[in-house]
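Here the structure is laid out as structure tokens; the discussion comes afterwards.
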Amino acid sequence: MKKQTTFITSLILSLSLSSFAQDNDSTVIRKFFNESLSNGKSYEWLRDLTSNVGPRLSGSEGAKKAVQWGKTLLESGGYDRVFLQDVMVPHWVRGAKEEGYILDGKQKIKVPLVALGGSIATPKKGITAEVIEVKTFQELRALGKEKCEGKIIFFNRPMDPTKINTFEAYGQAGDQRRSGANEASKLGAIGVIIRSLSSTENDFPHTGSMVYATGVPLIPAAALSTNAATLLSKTLKENPNTKFYFKQSCETLPDAPSHNVVAEIKGSEHPEEIIVVGGHLDSWDLAQGAHDDGTGIVQSMEVARLFKNLGIKPRHTIRIVLFMNEENGNRGGVKYAELAKQNNEKHIFALESDNGGFTPRGFGMQGASAELLAKVQSYRTLLAPYGLHEIERGGGGVDIGPLAPQGTVLIGFKPDAQRYFEYHHASNDTFDTVNQRELEMGAASMASLIYLLDNLK
Ligand SMILES: [Zn+2]
């Protein structure tokens, strides 16, 4: 009888303890959202970053300023440690504003065009040539050298609008930007223009990185706005002899010194085990880099502020990392992982926000065991009231990717994806397109997941 009483007592005790833990978890999560939505700093930090620092491509003055900006702000947060990690980054500059014209034999139509990041310049007077439009590399190869020699190749495969996950559509169209120039050059083309990787029909050309293959002649590559691409395609159908002219003066300078910015809250129980929360501090040169990735930066900084401000002491060490050079090299991400290995650090989780600052939907996990994924999925009851329903495999982030071989579980914050590619890498990626509540909800969502993961073991 005694034994049974003890058993029942301990059962009741453990039941009430676990429901206490759940209550406690839901209270903490509620506090994160209350604080972020009532006294949050992310929106004003973003205003400051986008308007006072502005574009911050690796190697630029803007990037230098951004490092200082992040360091100063994190130092004012009262965290245990703020430090910089040295990293050499590529230094590509756009030069004078590019020019592009459709020459249909009757008129010269000016179109919005930007050089792709990493591209070489055209000759000073620009290049003029007949245009061959293709949708795929296969189609291009079938044309052969004869048809492509001396021409400008126009890659015009749009992002598939039927994909609900726009990142999937982006991934499928991305080869045109990344290696279109190499494929065209192999067939003797003298230049490449691509339809901007955007899900919206408008006049903003979207840049992004391209990489030259070794052993292939380098040819200049640029992106047309989606509207211009549609117009060029239509013009070519009416007059196949239509020519195109473009001029750009970009160049790659020697690598430049730069930094990742790191802030740390020491863990109370397992200080040697680290959880990273971050985004990338660099942006393309065309815009303020609001959604890409100013929002990820200020959300990560807000996660640290929420823990500190609410007096929540993490059991594991939390590191906020503002990575440098995601856009055209990922040197910051690679350097971070390299140093982690060198210093024998154990990174258990890394969470990145680099999918825009839109309404939070959930998280994608990479490298998690089935057991861990199931456990995190069981948090849906706690997270669903805040709109966080999607907890699935997949995700992660470019900057945290290099940590994967060290056994780190990678997590990508997933906001709503329908608007991101309207702004991505284009001059309309500005502060006014970010909604304050959406941004703040994202920061609180990230803090909530970090809190739950920190209490896993
Ligand atoms: Zn990004």
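For region 362-457, what does the accessible surface come to per residue with a 1.4 Å probe? Please give it in Å².
Ligands and nucleic acids excluded, the result is 36 Å² per residue.
When only C-alpha pairs under 8 Å and at least 6 residues apart count, what is the relative contact order of region 122-237, in percent?
26 percent
May I ask you to derive the FRET efficiency for ILE164 and HIS389 from their Cβ-Cβ distance with R0 = 25 Å, giving the value to the nearest 0.05?
On the way: r = 14 Å, r/R0 = 0.57.
Working from the Cβ atoms, E equals 0.95.
Within region 87-118, whose backbone N sits under 19 Å from a point 7 Å along Cα→Cβ of GLU61?
91-97
Not counting ligands, DNA or RNA, and with a 1.4 Å probe, what is THR136's accessible surface area in Å² rounded to the nearest 10?
50 Å²
Once Rh is set to the Kirkwood radius over Cα pairs, what Stokes-Einstein translational diffusion coefficient, in µm²/s, holds for region 310-373 at a temperature of 25 °C and a viscosity of 0.890 mPa s?
Translational D for this selection: 168 µm²/s.
Among the lysines, which fall within straight-line cross-link reach of LYS125, defined as a Cα-Cα distance under 17 Å, with same-chain neighbours fewer than 8 residues apart omitted?
Cross-link targets: LYS97, LYS108, LYS110, LYS151, LYS243, LYS247.
Given a cut-off of 16 Å, what percent of all Cα-Cα pairs of region 214-296 lie beyond it?
77 percent
Note down the relative contact order for the chain as a percent, whole number, built from C-alpha pairs under 8 angstrom at least six residues apart.
21 percent
Give the Debye-formula value of log10 I(q)/I(0) at each listed q (0.10, 0.16 Å⁻¹), with one equal scatterer per alpha carbon of region 137-296, two decimals each.
Listed by q, the Debye log ratios stand at -0.50, -1.04.
Quote the accessible area belonging to LEU143 in square angstrom, nearest 10, computed with a 1.4 Å probe and with ligands, DNA and RNA left uncounted.
50 Å²
Placing +1 at every Lys and Arg Cβ and -1 at every Asp and Glu Cβ, with all other atoms neutral, what dipole size does region 320-456 have around its Cα centre, in debye to the nearest 20?
420 debye
Taking a label point 7 Å from the Cα of GLU75 along the Cα→Cβ vector, which residues of region 247-265 have an amide N closer than 16 Å to it?
259-264
Of all DSSP beta bridges located in the chain, what percent are antiparallel, nearest 5? Write down the numbers at each step before the final one.
On the way: 38 of 73 bridges.
Taking every DSSP beta bridge within the chain, about 50 percent pair in antiparallel fashion.
Roughly speaking, what is the centre-to-centre gap between region 317-357 and region 163-229 when only Cα atoms are used, to the nearest Å?
Between the Cα centres of region 317-357 and region 163-229 lies a distance of 27 Å.
Could you rank THR128, THR381 by how accessible they are, 1.4 Å probe, largest area first?
If we order THR128, THR381 from most to least accessible, we get THR381, THR128.
Using a Förster distance of 51 angstrom, determine the FRET efficiency expected from the C-beta separation of VAL216 and GLN418, and round it to 0.05.
0.85
When we measure straight from the Cα of LYS31, which lysines land under 23 angstrom away, once same-chain ones fewer than 8 places off are left out?
Correct list for LYS31: LYS41, LYS266, LYS308, LYS313, LYS375, LYS414, LYS457.
Could you quote the convex hull projected area for the chain, Cα atoms only and averaged over all directions, in nm²?
24.4 nm²
The values are calculated or read from the model by the stated rules, or taken from the named source; none is laboratory data. As the structure is a prediction and not an experimental result, all values here were calculated from the model. Heads up, the Cβs are rebuilt from the backbone with ideal geometry, glycines too, and the neighbour counts pull from every protein chain shown. Remember, those area values only see protein heavy atoms, side chains included, never the ligands or the DNA or RNA. Shrake-Rupley method; radii C 1.70, N 1.55, O 1.52, S 1.80 Å.
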